[in-house]
Amino acid sequence: MRINVLGPIEIQHDGGVSRPTAPKVCALLAALLSRRNTPVPVERLVDALWPAGPPRSATDNLRVYVTLLRRMLGDPGRIVPHHRAYALKVEAGELDGDDFDRLLRAARDEHAAGRLRPAAVTYRQALELWRGAAFGGSELGADGRDYAVRLEEDRGAAIEEQVEVDLALGRHRAVVADLRGVVAAYPLRERLHGQLMLALYRSGRQGEALEAYQAARAVLVEELGLDPGPELRRLEAAILRGDPSLSPPPPLPADAPLSSPRDAPPTRELSLPPDAPPASPLAPPRDLPRDAASGLADRAAALSSLSGRPLEPVAGGPSRARSRAAAWAGVLLAATALLGVRASATGHGSPGRVADAGSHQAPDQPGRADQPGRADQPGRADQAGRADGSGQADRAGMASGAVGDGVLTVGTLLPTTGSLYFLGAATSAAAELAVRDVNAAGGVLGRPVRLIRADSGDATRDIATAAVKDLLAQDTDLIVGAASNTVSTMVMDAVSEAGSVMISPSNTAAELTSAYDRGLYFRTAPSDTLQGQLVGRLISEDRNGTVAVIALDDSYADVIVEHAERAMPGVRIVRTIRYGDGEREFGRVAADLARAAPDAVLLVGFDETVHVIRALRKHGLTPAAGRRWYLVDANLSDYSEDLPDGVMATAKGTLAGALPTDDFRRRVREVDPVVEDLSYGPESYDAVVLGALAAEAARGDLGQSIAARLADVSRGGRRCTTYQECVALVRAGEDVDYDGLSGRIEFDSNGDVGEGSFGVYVYDSTNDFRRAATRVVR
C-alpha cells in the first residue's frame with residue numbers, strides 16, 4: 001500500500017488506485033494519519049469530521065466512513081478498532097509525507113556538513129514528491145489541518161534551503177526566473193525575497209535587485225502593515241553600496257570531490273555598521289539553526305503569528321482562501337521547475353500569454369500581450385515581464401498584473417450529447433445570450449468577447465478532456481461549465497494548470513467546495529449543503545414529529561442527510577437506513593419502516609428510488625396513507641410511467657435553480673428556438689456576465705486576474721443587475737455588487753455562492769411534478 005498526501009490524496013494498493021474526494025473521508029484519513037499507528041479516540045474523529053458540531057447520528061455515520069476508507073485502502077485490517085478508538089497502520093515507505101521528512105533530514109545533514117552538491121540533489125528529490133497542496137487542499141479537522149500545515153511549512157523551508165545551496169554553488173543566474181515564481185507563491189517569506197535580491201545582484205542586475213526589495217516592501221506593507229525586517233533592510237543597504245561581500249562564490253571545478261572543503265558554503269559576512277549586530281541573511285542551517293533561525297526566519301514566525309496563519313503558498317494550502325491572492329493561483333506549479341514540482345503545460349493557457357513589457361506584438365494577434373504590467377499595483381511582481389540574461393521573459397509574469405492577449409475568450413463546456421443534453425441546450429444558449437449583451441454594451445476592455453462552444457458529453461464517456469484541450473489551445477480565458485459534477489472534477493486539473501478560470505452554472509456537489517482548483521473554480525449554482533438545509537426546513541415546517549431516512553450510502557447523500565438533520569432539530573429521526581449502490585430489493589427496509597411508523601420519509605438516491613417507492617407502497621407507507629414523502633434533485637423525476645396514478649400525489653421535492661422570467665425565456669429562444677427546459681439558464685448567463693465584469697475590474701483577461709476579482713464584483717459594492725449598468729460603474733472606478741438573473745451572487749473564499757435559489761416541487765395525481773414555490777436558502 002502507498003498513501004500520497006503531498007497533493008490530491010491518492011491511495012495505491014494491489015487492487016488499483018483510489019482517489020478519495022468526499023470531504024468526510026478525506027478528513028478521516030488526515031486525522032488518522034496525523035496520529036498514525038496510534039489509537040485515535042472516536043470523539044476526536046467526530047470532531048474532525050464535524051468541526052461545526054456533530055449530527056445526532058455522528059457515531060453511526062463515522063462507522064460508515066471508516067468502512068468506506070477501509071475499502072479504499074484495499075486492506076480492511078489497516079484500520080484497527082480499539083475501545084472507542086481507531087488506529088491506522090502505516091509501515092515505513094508507505095506514506096509520501098514520511099518520505100519527504102526523511103529526505104529533508106538527509107538534505108539538511110548534507111548541507112550542514114558542507115556537502116552542497118549532494119544536498120542540492122536530495123533537496124530536489126524531497127520537493128519532487130509534491131504534486132500540489134497537502135491533502136489536495138481538502139477541508140480537514142484540527143489534527144489533520146495541523147499535520148497539513150506542518151508539511152506545508154517544511155516545504156517552504158525546504159525551498160528556501162535549496163535556493164541557499166544553489167546560491168552557494170554559484171547558480172545565481174539559473175535560479176532568478178524560478179525564484180520570481182517562488183516569491184510570488186510565498187509572498188510573505190522575507191528570506192525568499194532576500195534570496196531573489198542576492199541572485200539578481202550576483203547576476204549583474206543591481207537595479208532589479210533593488211526593485212525586488214521595493215516589491216517585497218509593498219507586499220508586506222499592504223498585507224501586514226509592516227516594513228521589511230532588519231535583515232532585508234541590511235541586504236538592501238549592502239546592495240546600494242556594492243558591498244564586495246555579496247560577490248558570488250568562486251565556481252567549483254567539475255571534478256571537485258563531493259566532500260571537498262571547497263564544496264563548503266561561503267562564510268563571508270556583510271560589511272555592516274559597527275553598531276549592527278552580526279547577521280547573515282543567507283547562511284546555511286549550521287549557522288542558522290532551524291528552530292532559532294536567522295533574523296529572517298524569526299521575522300517569518302512573527303509575521304505568521306501576527307497574521308494568524310502560517311505563511312503558506314497563496315496558490316494552495318489547507319485554507320484554500322482566494323481573495324485577491326487568487327491572481328497568483330497556479331504560479332508555484334507553473335513556474336518552479338527549480339523545485340522539482342510538476343509544471344504546467346506551456347503550450348497553451350496563461351503561461352504563454354502573459355504580459356510582456358517589451359512586447360510590440362500587434363494588439364489583435366492572439367497569444368501575446370499588448371500592454372505592460374500595471375505600475376500601480378504594489379506587491380505584484382512588476383518586473384516579471386522583463387527579459388533576463390537568457391532573453392526569455394520571466395515565467396513569473398503570469399502573476400504580475402499581466403493583461404493577457406486583450407480579448408476575453410469564453411468557452412462553453414456544456415453537454416450537447418449524453419444524458420445531460422437537455423441542460424446543455426439551455427445553458428449554452430444562455431451563455432451566448434450573455435455574450436451578445438456584453439458585446440452590445442461595448443464588450444470587455446473595448447473589444448468584443450469571443451465565444452467558443454464545446455461539447456462536454458457526460459461522465460459515461462470522456463469527451464470533455466479532449467474538448468478542454470481544444471479550448472485551451474484556443475487561448476480560452478473563461479470556461480463556463482461543466483454541467484456534470486463528475487466532468488468538472490475530471491477536467492479541473494487541466495483547466496487550472498493552464499491558468500484559465502472555470503465557472504459552472506449547475507455543479508452542486510459539496511465535495512467541489514474543497515477540490516484542489518488553485519483558486520480558479522467557481523459556481524453560480526448553490527451547493528448540496530444548502531439543499532439539505534431546505535429539505536430539513538420543509539420537513540420541520542410541515543409539522544412532522546418523526547421522520548425516517550432512506551439514503552444511498554455515498555458522499556452526496558451524506559451531505560444532504562447531515563444538513564437536513566441540522567435544519568430540523570424538533571423532528572425525531574426514528575430510522576436512518578443506508579443502502580449500497582446497485583441495491584434493488586427494499587422489502588425488509590419497508591417492513592422495518594412500517595414498524596417505526598414515521599410521519600415523514602426522506603428519500604435520497606438516484607434511479608433506484610422507484611424500487612424504494614414500490615416497496616413503501618406495498619407496506620402502506622404512502623402519502624395517501626398520511627405519510628409525507630420528500631425527494632431531492634437526484635430522484636426528482638417523472639414517475640408517471642413507472643407507478644400507478646396517485647402514488648406520488650402531494651410528495652415534495654427540491655431542485656436548485658432560479659425561476660427564469662418570461663422575458664428571459666423569450667430571449668433565450670431567440671438564440672435557440674428549440675430550447676424547452678431552461679434549467680440553470682439564468683446561472684449560465686450570470687457566469688458569463690460575472691467573468692466579463694471581473695475582467696473589466698482587473699483590466700485584463702488573464703484567468704488568474706479574473707478569478708482574483710470575481711468575489712469583488714459579486715458583493716460589497718453598489719448593487720446593479722445588468723452588465724451594461726455594472727460595467728459603467730466599474731469603468732467609473734466604483735465597486736459593484738452584481739445581482740443577476742439567478743438572484744444574489746456573493747462568492748465566498750471557496751468559489752461557492754453564499755445563498756441559492758431552489759424550486760420546491762409538488763407531485764400531482766399523474767406522478768409528475770410542478771414547481772409550487774421558490775425558496776432562497778442562505
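The values are calculated or read from the model by the stated rules, or taken from the named source; none is laboratory data. The structure presented is a predicted model; accordingly, all values stated were derived computationally and were not measured. We place every Cβ from the backbone using ideal geometry, glycine too, and count neighbours over all the protein chains shown. Just so you know, the surface numbers come from the protein's heavy atoms only, side chains and all, with ligands and any DNA or RNA stripped out. Shrake-Rupley method; radii C 1.70, N 1.55, O 1.52, S 1.80 Å.
Summed over region 219-239, the residues that are in contact with a helix residue (DSSP H, G or I) (Cβ under 7 Å, 6 or more places away or on another chain) and not in a loop (DSSP other than H, G, I, E, B) give a count of 8.
Quick check: anything in region 195-218 under 28 Å from Gly97 (Cβ atoms), in a helix (DSSP H, G or I) and open to solvent by less than 10 Å² (accessible area, probe 1.4 Å)? Yes; the residues of region 195-218 include at least one that is under 28 Å from Gly97 (Cβ atoms), in a helix (DSSP H, G or I) and open to solvent by less than 10 Å² (accessible area, probe 1.4 Å). Only one of the listed residues (Asp581, Asp633) is in a loop (DSSP other than H, G, I, E, B), of a type outside the set (Lys, Arg) and within 30 Å of Leu741 (Cα to Cα). That residue is Asp633.
Here the condition is being touching an Asp or Glu at 6+ places or on another chain (Cβ under 7 Å), of a type in the set (Val, Ile, Thr), closer than 29 Å to Tyr630 by Cα and without any contact (Cβ under 8 Å) to a residue 60 or more places away in the chain; of Val776, Val753, it holds for Val776 alone.
The test for being at pLDDT 95 or above, in a strand (DSSP E or B), farther than 23 Å from Asn485 by Cβ and among the hydrophobic types (A, V, I, L, M, F, W, C) holds for Ile573.
Each residue in region 51-110 was checked for being within 19 Å of Leu151 (Cα to Cα), among the small types (Gly, Ala, Ser) and open to solvent by less than 90 Å² (accessible area, probe 1.4 Å), and 4 pass.
Just one residue in the set Arg173, Arg180 is open to solvent by less than 30 Å² (accessible area, probe 1.4 Å), among the basic types (Lys, Arg) and assigned to a helix (DSSP H, G or I); that residue is Arg180. On the given criteria, is Ala708 within 26 Å of the chain's Cα centre (by Cα) and outside any helix (DSSP H, G or I)? In short, no. If you go through region 719-778 and keep only what is surrounded by fewer than 16 Cβ atoms within 10 Å (Cβ to Cβ), outside any loop (DSSP other than H, G, I, E, B) and among the β-branched types (Val, Ile, Thr), you end up with Val762, Thr774, Val776.
Is it the case that some residue within region 115-127 is β-branched (Val, Ile, Thr), under 14 Å from Leu28 (Cα atoms), free of Cβ contacts under 8 Å to residues at least 12 places away in the same chain and open to solvent by 10 Å² or more (accessible area, probe 1.4 Å)? No: region 115-127 contains no residue that is β-branched (Val, Ile, Thr), under 14 Å from Leu28 (Cα atoms), free of Cβ contacts under 8 Å to residues at least 12 places away in the same chain and open to solvent by 10 Å² or more (accessible area, probe 1.4 Å).
Among residues that are part of a helix (DSSP H, G or I) and open to solvent by less than 30 Å² (accessible area, probe 1.4 Å), Asp592 is not included.
When Ser705 is evaluated against the numbered criteria (1) touching a Phe, Trp or Tyr at 6+ places or on another chain (Cβ under 8 Å); (2) buried (at least 23 other Cβ atoms within 10 Å of the Cβ); (3) hydroxyl-bearing (Ser, Thr, Tyr), which criterion, by number, is the only one it fails? Among (1) touching a Phe, Trp or Tyr at 6+ places or on another chain (Cβ under 8 Å); (2) buried (at least 23 other Cβ atoms within 10 Å of the Cβ); (3) hydroxyl-bearing (Ser, Thr, Tyr), Ser705 violates only (1).
If I go through region 525-548 residue by residue, how many of them are under 30 Å from the mean Cα position of the chain (by Cα), among the small types (Gly, Ala, Ser) and part of a helix (DSSP H, G or I)? Final tally of qualifying residues: 2. Filtering region 158-170 to residues that are open to solvent by 10 Å² or more (accessible area, probe 1.4 Å), in a helix (DSSP H, G or I) and either at positive phi or not acidic (Asp, Glu) (or both) leaves only Ala168.
Kindly provide the set of residues from region 595-618 that are closer than 23 Å to Arg543 by Cα and either under 39 Å from the mean Cα position of the chain (by Cα) or crowded, with 17+ Cβ neighbours inside 10 Å (or both), ordered by number.
Passing the criteria: Pro598, Asp599, Ala600, Val601, Leu602, Leu603, Val604, Ile613, Leu616, Arg617.
Of the residues that make up region 636-657, is at least one more than 28 Å from Asn485 (Cα to Cα), open to solvent by less than 30 Å² (accessible area, probe 1.4 Å), touching a helix residue (DSSP H, G or I) at 6+ places or on another chain (Cβ under 8 Å) and of a type in the set (Gly, Ala, Ser)? Looking through region 636-657, at least one residue is more than 28 Å from Asn485 (Cα to Cα), open to solvent by less than 30 Å² (accessible area, probe 1.4 Å), touching a helix residue (DSSP H, G or I) at 6+ places or on another chain (Cβ under 8 Å) and of a type in the set (Gly, Ala, Ser). Among residues of region 528-544 that are among the aromatic types (Phe, Trp, Tyr), none has a Cβ under 9 angstrom from a residue that is modelled with pLDDT of 95 or more at a sequence gap of 6+ or on a separate chain. Residue-level check: of (1) part of a loop (DSSP other than H, G, I, E, B); (2) open to solvent by less than 10 Å² (accessible area, probe 1.4 Å); (3) not small (Gly, Ala, Ser), Thr460 misses just (2). Arg155 meets the stated requirement of being farther than 27 Å from Val66 by Cβ, of a type outside the set (Asp, Glu) and outside any loop (DSSP other than H, G, I, E, B).
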